[in-house]
Structure formats: C-alpha cells, structure tokens
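Okay, structure first, notes after.
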Amino acid sequence: MRAALLTIALAAPALAEPVVPTFREETESAGIDTVFDGDWDYMVGGGVATFDCSGDGFPELFLSGGAGPSALYLNRSAQGGALAFQKTEAVTLDAVLGAYPLDIDSDGVRDLVVLRLGENRLLRGLGACRFEDMTQAWGFDGGDAWSTAFAAIWERDQTWPTLAIGNYVDRKEEAFPWGSCTDNWLHRPESGPETQRFAPPIPLTPSHCALSMLFTDWNRSGQPGLRVSNDREYYKGGQEQMWHLEPGQPPRLYTEAEDGWKRLRIWGMGIASADVNLDGYPDYYLTSMADNKLQVLKDPASGKPDFADIAFKSALTAHRPYTGGDLRPSTAWHPQFADVNNDGLLDLFVAKGNVAQMPDFAAKDPNNLLLGQPDGVFVEAGDRAGVASFGIARGAQLVDLNLDGLLDLAVVNRWETAQLWRQTGALDGGWVQVRLQQDGPNRDAIGSVIEIRRGDKVERHEIASGGGHVSGSVGWLHFGLGTSAAAEMRVLWPDGTEGDWLTLSARSFQILRPDQAPETWTAE
C-alpha cells in the first residue's frame, strides 16, 4: 500500500525561542475519577484512548482501569472552555490494560481494540458511543495473554486491516512474573479481496516481551515494517526488533546478517515517531529505564536499517528527574511528539513513573515536556508548564479536548486517579487541524505520511495506529504554524492519487477528501 502524503508549506519561519505553554489541572472539575489499579500483573499497561464516538467532533476519553473498572467518558466541554466529561458504562470490560480506536470495518464509525489481561476484545462502534462485541463474529482470536502493545495497518489491496498484538510475560510459567515471554501475534485478514474477518493469528517468533509496536515505512519504500520495542527485564537473549511485512508472504525478522539490523538491548517501553532531524525519514524515540534513545538513519541511501542515537546531542535523554530532588535514574513510558506551543517546532512529552517501588530508580519522577528549538536542541519545561506530576504515570495522550487549537493532556497513573490538564495560556503561534477521510477501506487513511515545509526545510510525519504505551488516538491532526497565516497542503492518498495543492487558513479545522475541495468544519 502506498502511504498517503500530506504537504504543508509555511510562509514564515518558525519562532526563534520556545514559548512555554501553560496548563491547568482540571481532573476533578472535569469529572475524571478512574484509577489504574492492580498488583504485579498490572505493573505495565495503563493506557488512554481518545476518539470521537458521539459524532460532534469533540474527542471522548477511554481510560483503562487495570484490576479496577475502566470507563468511557463523553466529552461535554464547550469549545474553548473548561474541560467537562460524563462518565458512562458504555464499555464495562474489566482487566483492561489499554485501548486503540480504529475503524476496523470502515463504516465511518470508530471501533475500539481493547487490550486486556486475558482475552482481548474488538468492540464495533454503533454510533452515539454505543458498542457491540464483535470479537468472535470477526474471527478474532483474543487469546489469553498479558497484552501490552498494538499496531494496525491496511496492507496493499486489502479491505480489512492487519493487527499486531504484543504480549508480555507468560503468566502460566511457574516462575511468573519472572518467566518467559509470550509470542506476539499478527492478525491478517482471511484470504479474499472482500473479506471481513481475521485469519488465525501468526506467531511472531521469537518474541521478547513487547511493550510497544509500530508499523512504519522506515525507508520510504512504500512497504512498512513492524517495529517492536521489548522490555529486557524479562527476555532471554532478545533485543529490539523489526519485521518485514510483504504482502502475501510470512513475516520475516530483520537481521544483521541479511539486512544490516544492529542489535539494541534496552528496557523498551514506548515508541514515538517523527522526522526530528528533517532528513525526510522517520526517526524513533524509544523510552526505557534511565537511557532513552532517539534513533535516526545513518545513511538512508544505503537502504539498511542502521540507526544512530542522537538523544544526547538533542538533549532528549531525559534520564534523570529534573525537579523534585530525586536524582536516581528515571523510568519512561509513553512518548509523544507534537507541537505543544504552536511555534512550528516539534516538542516531546514523556510520561514517567517507577514500576512500583524499585529502589534503584527514582520514586519522584516527573513527566517531561521538552520543547524544540531551531537548532535541534530541546529544553525541559514540564515544571514551568505545570505538568510535572509525581504520579506513577503510564499511558498518555496530547490532544485538543476542547477544540480551541491548544493541545491538552491526559495521563493514566498507577494506583492513583488519571490526570487531565487543559492548556490555558495564550500563544502567539497559529495552528491548523485536519482530518483525512476517504471512501472504502481505511477511512481514516492510517499509514499516511504528512509532509510539512517550513521555510527551506521539510519535515514528514507518519500517521499510525500504534506506538506509545498502550494508548491510541484517532481524530483531528494538529499542526502548529508559528507566525504563518495559512498552510499550503496536498495529499497523496493510499492508492497513489495526488491531490491538488490547497491553501488552508490558520486557526481552522479542515476535512480533506480525495478529489474534493476542503471542507471547513465548525463546532455546532
């Protein structure tokens, strides 16, 4: 499948200095009270999903509860106003570790993939935030594992998605929780161009206790691979992984001998992808314990997946707490790139928290908000922005919850109430939010690539379902524009069709469809 391509050309250069955004915590006043609870078998997981299931354009929140109850919260916020949510019983599953929204059957209504300690479930959206369990009807083997990672893609010429499920420690081992890792599974469609069921899962052997997965076109070949980040605390002889995913062929592991893949062993917990160094290829931020990585291709022309780590020179190691007085190494979970201060430069949020009470790692471990600068070096601003929580964080989402053009923040904490922050500060930078829609399969154009021209520089973003730490989002795609008054865009759709160049006004919401004029969206 050819990736969709969206290009934005900005009329003005990015702002020279990072502006620190201001956040206000509104957890209690917004009506959020879900806690990610549980013992050892919930030490990983704890995700949040954001997606619009009501049809009003505002994203809902699904918060995993672990051993406690999970909850779907309907968004009742006024545009630009305080955050407000209504807790429902629309999804009452227990033992939930995380979730990813995805329009599996391409009916225009988002479904929900729910990862659990036990059988995973596929919930079909019925509209008005109602769901039905289609796990068996869609032929999906939910298994009985400890599922802690997910990714989805539509393979070439397929009308049904391919799902990857990452599993953790084998709970049936006598030495649990210190036993062997469980096989990850690849769920491809049943054979046939019009299939609407999944075939029996394909084991991705060897597997090494996955905590994050991402389909990514790492070399811009048009053929994505599957990156897998693994927790070295448990695996035996393992490493970080990437799988070939060629249509009609069994998945095949990238190796050093055949492909030039270099072994990397970290406590892999989350993956975030963005074109940080502006070379036109996706870069990968890999969270870990103490030593986070930012991988960039050494030589894209070589065609080999040989990566260099530029986290140190980019000031993105985030290896110790920057406030709170605890100087022991950090434990990082969910990473996410976004332009939080709308200055036209990428920023990075990282959710932090001790596994439980590991004495060699920081107990007071604040979340990071690292702001990008024109020279490629990031600066920490989590404490100044107001999001330096000392909760034991896991999953998270940066998303515009009240549709005012400013990204807000939801974080799931272990043993404590999930937290919600609204961005309140007035920013000078502009923004545009777009939504890609197409008829037929893959309505949200998962696997697209967004290309942004900023002066004489170009950055590209893959739009994925997966990555992070058990936390996913589908909806408006937010881009900061700095001082530009408009964005010039084009779309290369999954079938290879290139759309016309479009000029879109800053501070607007736009729906883009193949061969159609853009539709300006306004909240009712």
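A few points about this structure:
- Among the candidates Arg130, Arg110, the residue that is among the basic types (Lys, Arg) and surrounded by fewer than 21 Cβ atoms within 10 Å (Cβ to Cβ) is uniquely Arg130.
- Residues that are of a type in the set (Val, Ile, Thr), surrounded by fewer than 21 Cβ atoms within 10 Å (Cβ to Cβ) and not in a loop (DSSP other than H, G, I, E, B) within segment 485-512 comprise Thr503, Ile511, listed in sequence order.
- A single entry from Gly68, Gly125 fulfils the requirement of being open to solvent by 10 Å² or more (accessible area, probe 1.4 Å) and either farther than 30 Å from Arg171 by Cβ or touching a strand residue (DSSP E or B) at 6+ places or on another chain (Cβ under 6 Å) (or both): Gly68.
- Qualifying residue in segment 219-231 (condition: among the small types (Gly, Ala, Ser), closer than 21 Å to Ala351 by Cα and within 20 Å of the chain's Cα centre (by Cα)): yes
- Condition broken by His461, with the remaining ones in (1) outside any loop (DSSP other than H, G, I, E, B); (2) closer than 30 Å to Tyr168 by Cα; (3) open to solvent by less than 20 Å² (accessible area, probe 1.4 Å) satisfied: (3)
- Selection count, segment 495-513, where residues are of a type in the set (S, T, N, Q) and under 24 Å from the mean Cα position of the chain (by Cα): 2
Residue-wise test of (1) open to solvent by less than 30 Å² (accessible area, probe 1.4 Å); (2) closer than 24 Å to Tyr284 by Cβ; (3) out of contact with any helix residue (DSSP H, G or I) (no Cβ under 9 Å at 6 or more places or on another chain).
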residue	(1), (2), (3)
Val340	yes, yes, no
Gln357	no, no, yes
Phe378	yes, yes, yes
Ala385	yes, no, yes
Arg394	yes, yes, yes
Val399	yes, yes, yes
Asp404	no, no, yes
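- Verdict on Asp444 being under 30 Å from Val412 (Cβ atoms), in a loop (DSSP other than H, G, I, E, B) and among the charged types (D, E, K, R): yes
- When Ser273, Ser288, Ser302 are screened for being touching a residue at least 24 places away in the same chain (Cβ under 8 Å) and surrounded by fewer than 16 Cβ atoms within 10 Å (Cβ to Cβ), only Ser302 passes.
- A single entry from Gly466, Gly482, Gly472 fulfils the requirement of being farther than 22 Å from Val228 by Cβ and either surrounded by 19 or more Cβ atoms within 10 Å (Cβ to Cβ) or in contact with a helix residue (DSSP H, G or I) (Cβ under 8 Å, 6 or more places away or on another chain) (or both): Gly482.
The values are calculated or read from the model by the stated rules, or taken from the named source; none is laboratory data. Only a predicted model underlies this, so the values are computations on that prediction, with no experimental measurement involved. FYI the Cβ positions are ideal-geometry reconstructions off the backbone, even for glycines, and counts take in every protein chain you see. All accessible areas refer to the heavy atoms of the entire protein, side chains included, with ligands and DNA or RNA removed. Shrake-Rupley method; radii C 1.70, N 1.55, O 1.52, S 1.80 Å.
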